[in-house]
Amino acid sequence: MVKISIEEMEKARKRLQGRIHKTPVIQCEAINKLAGTNVHFKCEHLQKTGSFKSRGALNAVLGVKEERGDDCQGVLTHSSGNHGQALAWAALQCQMPCCVVVPANAPQLKKDGMSEYKTDIVLCGNTVKDRETTCAEMQKKLGYDVVEPFNNAYMINGHASCAAEIIEQVPEADAVFVAVGGGGLASAICMYIDEKRPDIKVYLVEPEAKQLKSYLNEDKLPEYDTVNTVADGIRVLRVGDLCKPILAKYAAGNIISVTEEEICEALKLIWTRTKQRVEPTAAVPLAGLLKLKDKARCPVVILCGGNVDLSFVP
């Protein structure tokens, strides 16, 4: 069984080389003036399938094929959209069957995106329990290997390729701002940067209803299991069991909570100033940067995805 480690992250990067985009980093003078610092945007919304998820998903499919060989009959997951699209795309690249369990309230654009990659879609209820229960039922029925959206070592190791690119593209960086949902990308960023560039501070930014700080430091969670937020990509309340100890170790003291209004204002800024049509979740890190009083000298903001319905207005 593969572990989450710097060695495996480097293996994943080599495995992905030439198969995914090295996404660009852009700047915007208007946002620099507003933020009072030199902001760099890492454009993961321009990645394959429109989000960073393709990094981990392709690493997972390739890794499972190497590990299981002909015993792997297909891959299965549950997702509100971006992970499902990424896994469907990755499976198609490897000529492997794929099935995605999708909550009924997932954006139609993301459901359509999955269908385009010839995956089987199974609808379920809107809670995390609904998703996990239906996924378990489909696993028994199909016998496919389950690739969890964030609680999967292959996924986390693959996402670390984003951190490696940031270090190469912005060598003067002193901070990275990343949105937190299940914690897969955030865990990869925290762990890889701590090893390679411990001088860079990683900030975890969340919708205020998520209460990640209480969860990591005190193990306290609200009674609900999803977060009511415009940032549909990070509505899951809990971070993954594999992610929690990593986040607690590397970034528990660097958590910024933002309001829905702050997320929407940050999204409008990105749309109008950078002209990048990102999804609401991608605006969460910028909202965190703008809220932080002690500004970093050269922050990197990860624009995690761009799968947004054209009719959506913040």
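Brief remarks follow.
- When peptides 84-90, 140-146 are sorted by average Cβ neighbour count within 10 Å, with the highest value leading, the order is 84-90, 140-146.
- For LYS196, the aspartates and glutamates whose Cα falls under 13 Å of its own Cα, not counting residues fewer than eight places away in the same chain, are GLU7, GLU10, GLU165, GLU168, ASP174.
- Reachable aspartates and glutamates from LYS244, criterion Cα separation under 14 angstrom, eight or more residues apart if same chain: GLU218, ASP219
- Taking the DSSP bridge list for the chain and keeping only pairs wholly inside it, about 15 percent are antiparallel.
- Cβ-Cβ FRET estimate between LYS140 and ALA209, R0 fixed at 45 Å, reported to 0.05: 0.85
- Rounded to 5, the percent of DSSP beta bridges in the stretch 1-128 classed as antiparallel: 20 percent
- Pairs from LYS111/LYS201; LYS14/LYS129; LYS33/LYS111; LYS42/LYS295; LYS42/LYS118 whose Cα-Cα separation, in the structure shown, is over 27 Å: LYS111/LYS201; LYS14/LYS129; LYS33/LYS111; LYS42/LYS118
- Cα-based reach from LYS293 at 15 Å (exclusive), listing aspartates and glutamates while leaving out same-chain residues under 8 positions away: GLU262
The numbers here are math on the coordinates, done by the rules we state, and not lab data. From a predicted model like this one, the values you see are computed outputs, not experimental measurements. Here Cβ is always computed from backbone atoms with ideal geometry, including for glycine, and neighbour counts include all displayed protein chains.
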